Amino acid sequence: MPGKSFRIGPIRPPSEASSLLLQVTRGCTWNRCRFCTIYRDTSFQAFSADSIKKDIDSIASIADTVRGYAKAGRWDLDALNAHLASIENDDERQSFYMVASWLLSGGENVFLQDGNTTALSSGRLSDVLVYLKQTFPQIRRITSYGRASELSRHDAAYFAELKKAGLDRIHSGFESGSDAVLSLIGKGTSQEQQIRAGKNVKAGGIELSIYFMPGIGGKALTAENAEGTAQVVNEVHPDFLRIRTAAIKPGTELFEDFRAGSYRLCSDDDKVREIRRVITLAKGAPTSIVSDHMVNLLQEVNGRLDTDSASLLEMIDRYLDMPEADRRTFQLLRRTLQAYAPGDLKNIPAGRLAALRESVMQESEESWSEQMNALIGRYI
């Protein structure tokens, strides 16, 4: 008999906010990145196909219950919320909420967790994908995380098999395309592996979404971070380049380097200039740059590199051309959820804006960068 709950991992991309989360592995196969602690206390585990299918059966059973609250094409949300409130077990309540939210959002997208699901053999993962789509024929997109080092071990035929079974998109945290930066942050991969992995994923017919972390190389490697990333984008032509502004958090090795003085934080302006450099160097790539996370200062920077670079650069330059006091004021307001775009400064009362401008300029660049880093870290 199917259970009343199923496994749900800790993270997913913002673009998968309305997706069903199905955990097929636990933890990360590498787990040694010097900027990340998400899986530090979790041993990697790849679940068996039978175990994952049991979770799919549980999801199907919960879905049947949820659908009972839909009459004549309309949801009885009061009754659905009452049912949710009546569930006493935390895991069962979380599972019911996940399935209900998924179905109310259309029930079309699924995200496979955790950090490196492509570590499963292609046969096991394909078996799961086929079973998932048989159970929920309405599914239109299935997405997964995959480490570049793992992806680079497989040829295009491997990814073509997964595509045929139902995998549509792979998210991969490249973070940087610079070997110097990758070594500094302990990523356990190389630019060569990234390029090989990306080309094979694309050749297999699967969409590729890679992540870039402006500022992760610190002051010393800010140019290398941007230029190496642009080189990877030009070689691979990923479908998406997603911006994830770096925040160096306490408890990580990079933060210890910062405290010891061997690592200098990039300012928000440094990070914006890195994004500008990537756009400039990769402006011919058929890739969409996406800024879809709260950690990003200029969240309006979205568009195609091959068609929208001029407008993207203009947007960035408008910000960089602002007086430093205004840039800092916007950074503070953005990081405290009081502004979305630089233009929002015009909505601030003149007296308050003048006081903010004076206040933010009292800090040294190093002190200001540290404060902004701490604020960014709250959203990770």
query = Within the range 174-182, is there a residue that is over 18 Å from the mean Cα position of the chain (by Cα), among the acidic types (Asp, Glu) and part of a helix (DSSP H, G or I)?
reply = yes
note = Screening ASP91, ASP127, ASP57 for residues that are surrounded by 14 or more Cβ atoms within 10 Å (Cβ to Cβ), in contact with a Pro (Cβ under 8 Å, 6 or more places away or on another chain) and assigned to a helix (DSSP H, G or I) leaves only ASP57
Near pairs, Cβ below 8 angstrom, 6+ apart or cross-chain, from the range 58-76 (among the charged types (D, E, K, R)) to any residue that is part of a helix (DSSP H, G or I) = ARG67/LEU103
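Every residue, every condition in (1) buried (at least 16 other Cβ atoms within 10 Å of the Cβ); (2) of a type outside the set (Asp, Glu), yes or no:
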| residue | (1), (2) |
| --- | --- |
| ASP50 | no, no |
| ASP64 | no, no |
| GLY68 | no, yes |
| LEU77 | no, yes |
| ILE87 | yes, yes |
note = LEU22 fails exactly one of (1) at pLDDT 95 or above; (2) in a loop (DSSP other than H, G, I, E, B); (3) within 30 Å of MET213 (Cα to Cα), namely (2)
ask   = So is VAL110 more than 30 Å from ASP179 (Cα to Cα), surrounded by 17 or more Cβ atoms within 10 Å (Cβ to Cβ) and touching a residue at least 12 places away in the same chain (Cβ under 8 Å) or not?
value = yes
Residue in the range 285-293 that is at pLDDT below 95 and on the phi < 0 side of the Ramachandran plot present = yes
message = Here is a list: SER101, SER5. Which entry is crowded, with 17+ Cβ neighbours inside 10 Å and either over 25 Å from GLY123 (Cβ atoms) or modelled with pLDDT under 95 (or both)?
response = SER5
task = Considering only residues that are of a type in the set (Ser, Thr, Tyr) and without any contact (Cβ under 8 Å) to a residue 40 or more places away in the chain, look in the range 288-337 and name the one that is nearest to ARG277 (Cα to Cα).
result = SER309
message = Looking at (1) within 29 Å of TYR158 (Cβ to Cβ); (2) part of a loop (DSSP other than H, G, I, E, B), which one does PRO214 not meet, given that it meets all the others?
response = (1)
query = Name the pairs whose Cβ atoms lie under 7 Å apart, with the first residue in the range 204-227 and surrounded by 20 or more Cβ atoms within 10 Å (Cβ to Cβ), the second aromatic (Phe, Trp, Tyr) and part of a loop (DSSP other than H, G, I, E, B), and 6 or more positions between them or separate chains?
reply = ILE216/PHE35; GLY218/TYR263
ask   = Looking at the range 23-36, is at least one residue under 28 Å from the mean Cα position of the chain (by Cα) and among the small types (Gly, Ala, Ser)?
value = yes
query = Given the structure, is GLY166 over 30 Å from ARG277 (Cβ atoms), touching a strand residue (DSSP E or B) at 6+ places or on another chain (Cβ under 9 Å) and not assigned by TED's automatic domain parsing to the domain that holds ALA63?
reply = yes
remark   = Considering the range 245-300, residues that are part of a loop (DSSP other than H, G, I, E, B) and among the acidic types (Asp, Glu), and then whichever is farthest from ARG334 (Cα to Cα), we arrive at ASP292
ask   = Mind checking which residues of the range 113-124 are among the hydroxyl-bearing types (Ser, Thr, Tyr) and crowded, with 24+ Cβ neighbours inside 10 Å?
value = THR117, THR118
request  = Residue by residue through the range 161-199, note down the ones that are touching an Asp or Glu at 6+ places or on another chain (Cβ under 6 Å) and of a type in the set (S, T, N, Q).
outcome  = SER178, SER190, GLN191
ask   = What number goes with the only condition from (1) closer than 21 Å to GLY377 by Cα; (2) among the small types (Gly, Ala, Ser); (3) surrounded by fewer than 24 Cβ atoms within 10 Å (Cβ to Cβ) that ALA246 does not pass?
value = (3)
query = In the range 304-380, which helices (runs of 4 or more DSSP H) lie fully inside it and hold 3 or more residues that are outside the structural domain of GLY284 (by TED's automatic domain parsing)?
reply = 324-335, 350-360, 365-377
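The values are calculated or read from the model by the stated rules, or taken from the named source; none is laboratory data. Everything quoted here is computed from the prediction, not taken from an experiment. When we count neighbours, we look across all protein chains shown, and the Cβ atoms used for this are built from the backbone with ideal geometry, even at glycine.
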